[in-house]
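Okay, so here's the structure we're looking at.
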Amino acid sequence: MTMSESVSDAGFEPRIGRSVSLDHAAELLGVSRRTIYNRIRDGRLQTIRTLGGSQRVLIDSVQDDRGHAGDMSSRSHAL
């Protein structure tokens, strides 16, 4: 049995390096921390909880949200 098989069998997949703090996500997206919380609540950003209880934003959802924001700005310029 390989390491990847045992990890998937247990249903746990580590995401080290694949998440950022809420403050860093806000900086990457150019928005406030409050906007990050709003986007998490609206389902636009996905988060995980660390073992210590901190909330972190998945980098994939930050990248998706950046793409979504780009689509929205290009639509407003088209109007």
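All of the numbers you see were taken from the coordinates with simple rules; none came from a lab. Remember, predicted model here, so these are calculated numbers, not experimental data. Every residue, glycine as well, gets a Cβ built from its backbone with ideal geometry; the counts of neighbours run over all protein chains shown.
If each residue of separation counts as 0.36 nm, what is the full-extension length gain between Q63 and S32 once their alpha-carbon separation is subtracted? Could you put the intermediate results ahead of the total?
Values: separation 31, 0.36 × 31 = 11.16 nm, distance 1.65 nm.
Going from the current span to full extension adds 9.5 nm.
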**OP:** Could you please rank H68, H24, placing first whichever residue has the fewest other Cβ atoms within 10 Å of its Cβ?
**Re:** H68, H24
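Can you sort S61, S19, S54 so the residue with the fewest Cβ neighbours within 10 Å comes first? Don't skip to the end; give the middle numbers.
Numbers: S61 18, S19 21, S54 12.
With the fewest neighbours first, S61, S19, S54 line up as S54, S61, S19.
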